[in-house]
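First up is the structure itself, then whatever we jot down about it.
The values are calculated or read from the model by the stated rules, or taken from the named source; none is laboratory data. What you see is a predicted model, and the numbers here were worked out from it, not measured in a lab. Cβ sites come from the backbone with ideal geometry, for glycine too, and all protein chains shown count toward neighbours. Quick note on the areas: whole protein, heavy atoms, side chains included, nothing else; ligands and nucleic acids left out. Shrake-Rupley method; radii C 1.70, N 1.55, O 1.52, S 1.80 Å.
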Amino acid sequence: MLEKSERPWGRYEVLQESSTHKVKCIWVLPGKRLSYQRHQKRAEHWFIVSGMALVTIEDEKSVLYPGDSIDIPEGIRHRIEALHQPVEFIEVQTGTYFGEDDIVRYEDDYNR
């Protein structure tokens with residue numbers, strides 16, 4: 001069975017996992033955001049399914065809408081936030097390691 005996890009900002013489900021990639025569906029609650037973070041061993045590709053997302057990449061902010069996508073290379077600081085409604089997005093991770101302990105947090109609303 002693939003992983004499902006509740007978080008203070010929403011939840012995610014792992015849709016597929018292998019030694020070369022991991023695919024998640026992530027739901028972010030309105031007004032909530034993930035930590036401002038980076039990963040050493042993986043890159044990510046985000047595809048917005050629904051909602052309006054405020055995305056921060058290396059301190060540059062942009063708004064993404066359903067159908068938009070963005071690439072986040074290894075080592076790049078990033079964050080996503082749901083503005084006025086829930087955001088659902090697909091995250092495709094590629095790299096050499098996909099564990100949750102490959103997260104370096106710079107800011108976190110939940111003191112993790």
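Laid out as a table, the results:
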{"quantity": "Pro30, sole failed condition from (1) within 14 Å of the chain's Cα centre (by Cα); (2) more than 19 Å from Gly95 (Cα to Cα)", "calculated": "(1)"}
{"quantity": "Residue in the stretch 80-94 that is surrounded by the fewest Cβ atoms within 10 Å (Cβ to Cβ), counting only those that are outside any strand (DSSP E or B) and of a type outside the set (A, V, I, L, M)", "calculated": "His84"}
{"quantity": "Subset of the stretch 18-65 [closer than 15 Å to Phe98 by Cβ and small (Gly, Ala, Ser)]", "calculated": "Ser18, Ser19, Ala43"}
{"quantity": "Single residue of the stretch 9-42 satisfying the filter (part of a strand (DSSP E or B), touching a Gly at 6+ places or on another chain (Cβ under 6 Å) and farther than 11 Å from Arg77 by Cα) that is most open to solvent (accessible area, probe 1.4 Å)", "calculated": "Trp27"}
{"quantity": "Qualifying residue in the stretch 95-110 (condition: assigned to a loop (DSSP other than H, G, I, E, B), among the acidic types (Asp, Glu), in contact with a His (Cβ under 8 Å, 6 or more places away or on another chain) and surrounded by fewer than 17 Cβ atoms within 10 Å (Cβ to Cβ))", "calculated": "no"}
{"quantity": "Residue satisfying all of: in the stretch 49-79; touching a Pro at 6+ places or on another chain (Cβ under 9 Å) and in a loop (DSSP other than H, G, I, E, B); least open to solvent (accessible area, probe 1.4 Å) among these", "calculated": "Gly51"}
